[in-house]
1. Only residues in the range 203-215 that are over 16 Å from Tyr150 (Cα atoms) count as the first member; pair them with residues that are assigned to a helix (DSSP H, G or I), Cβ under 6 angstrom, at least 6 apart or cross-chain, and list the lot.
2. Output the number of the condition that Met124 fails; it satisfies all remaining conditions of (1) outside any helix (DSSP H, G or I); (2) in contact with a Leu (Cβ under 9 Å, 6 or more places away or on another chain); (3) within 28 Å of Phe245 (Cα to Cα).
3. Step by step: first the residues of the range 118-132, then only those that are in contact (Cβ under 8 Å) with a residue 60 or more places away in the chain and open to solvent by less than 10 Å² (accessible area, probe 1.4 Å), then the one that is farthest from Val71 (Cα to Cα). Which residue is that?
4. Only one residue in Asp111, Asp67, Asp86, Asp72 is out of contact with any Ser or Thr (no Cβ under 6 Å at 6 or more places or on another chain), among the acidic types (Asp, Glu) and closer than 27 Å to Val216 by Cα. Which one?
5. Only one of (1) at pLDDT 95 or above; (2) in a helix (DSSP H, G or I) is not met by Thr134, so which one is it?
6. Only one residue in Val87, Val153, Val79 is touching a Gly at 6+ places or on another chain (Cβ under 7 Å), more than 16 Å from Thr236 (Cβ to Cβ) and hydrophobic (A, V, I, L, M, F, W, C), so which one is that?
7. Is there any pair linking a residue in the range 55-75 that is free of Cβ contacts under 8 Å to residues at least 60 places away in the same chain and on the phi < 0 side of the Ramachandran plot to one that is open to solvent by 60 Å² or more (accessible area, probe 1.4 Å) and part of a loop (DSSP other than H, G, I, E, B), with Cβ under 6 Å and at least six apart or on different chains, and which?
Amino acid sequence: MGLLDNKTAIVTGSSRGIGAATAKILAGEGAAVVVNYRQKAPRANKVVAEIEAAGGRATAVGGDLTDQSDVDALAQAAVDAFGSLDVLVLNASGGMESGLGEDYALKLNRDAQVAMLKAAAERMKPGSRVVFVTSHQAHFIDSVDTMDAYEPVARSKRAGETALRELVPWLTEKGITFVVVSGDMIEGTITATLLERAAPGAIASRREAAGKLYSVEEFAAEVAKMVTADVPTGHTEYVGGAEHFQA
């Protein structure tokens with residue numbers, strides 16, 4: 001018996017990186033997983049194929065989280081495909097991409113997160129859980145400076161976390177718990193790659209300060225743990241290097 005047998009999970013932004021690794025772990029624990037992607041269908045389908053090859057259940061569903069109709073369709077797809085929606089992992093984020101507009105980071109990292117949570121919560125039963133994935137650089141941005149290239153993203157993600165936390169009383173009424181997972185810079189992610197491009201040496205500097213940076217797979221394992229962890233709603237799980245920000 002797996003921890004998530006007969007449960008259905010949506011992992012946003014799960015065609016690659018942390019999201020894909022988290023989706024595979026949850027599937028391995030028995031969950032049917034909706035692999036969400038914005039544009040790269042072949043990449044998402046590959047994740048689904050890997051899950052199915054390992055004996056799991058999954059489906060790929062495209063959707064732009066800044067589009068309300070796509071958000072509603074994604075939430076409903078979980079119910080239509082697998083009969084329920086029990087877990088939502090809010091992993092998708094961005095804002096360092098070029099050509100998407102000055103307000104894109106806030107649209108994706110705050111507004112879309114709230115819209116996705118609301119759409120999912122309306123379909124969730126008591127006992128369900130929402131996990132929001134963020135970074136120490138964003139979580140602590142009001143007290144600890146970050147790199148200039150990342151600051152707009154950090155502030156938008158912090159705004160997203162704050163907005164989501166304001167919904168905790170509403171979620172509690174529905175019997176849904178909410179957990180935040182905050183991690184240090186993660187080796188091998190697109191964000192780390194973009195930061196390194198904007199500020200060469202950023203990864204090595206952060207690795208030296210933290211002593212260790214988690215890999216995608218290591219961090220995904222921590223995210224997956226929080227899906228079933230016995231923690232109170234509103235809990236923040238710090239993964240690696242938080243001491244530097246809390247000092």
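1. Close Cβ pairs satisfying both conditions: Ala209/His244; Leu213/Arg207.
2. All conditions are met except number (3).
3. Val131
4. Asp111
5. (2)
6. Just a single option satisfies the conditions, and that option is Val153.
7. Listed by first residue and then by second, the contacts come to Asp64/Arg38.
Conditions tested, residue by residue: (1) without any contact (Cβ under 8 Å) to a residue 12 or more places away in the chain; (2) open to solvent by less than 20 Å² (accessible area, probe 1.4 Å).
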{"site": "Asp5", "(1), (2)": "no, no"}
{"site": "Ile10", "(1), (2)": "no, yes"}
{"site": "Val35", "(1), (2)": "no, yes"}
{"site": "Ala53", "(1), (2)": "yes, no"}
{"site": "Asp80", "(1), (2)": "yes, no"}
{"site": "Leu85", "(1), (2)": "no, yes"}
{"site": "Ala105", "(1), (2)": "no, yes"}
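The values are calculated or read from the model by the stated rules, or taken from the named source; none is laboratory data. Not measured: the values here are computed from a predicted model. Here the Cβ is made from the backbone with ideal geometry for all residues, glycine too, and neighbour counts use every protein chain on show. Side chains included, ligands, DNA and RNA excluded: accessible areas come from the protein's heavy atoms. Shrake-Rupley method; radii C 1.70, N 1.55, O 1.52, S 1.80 Å.
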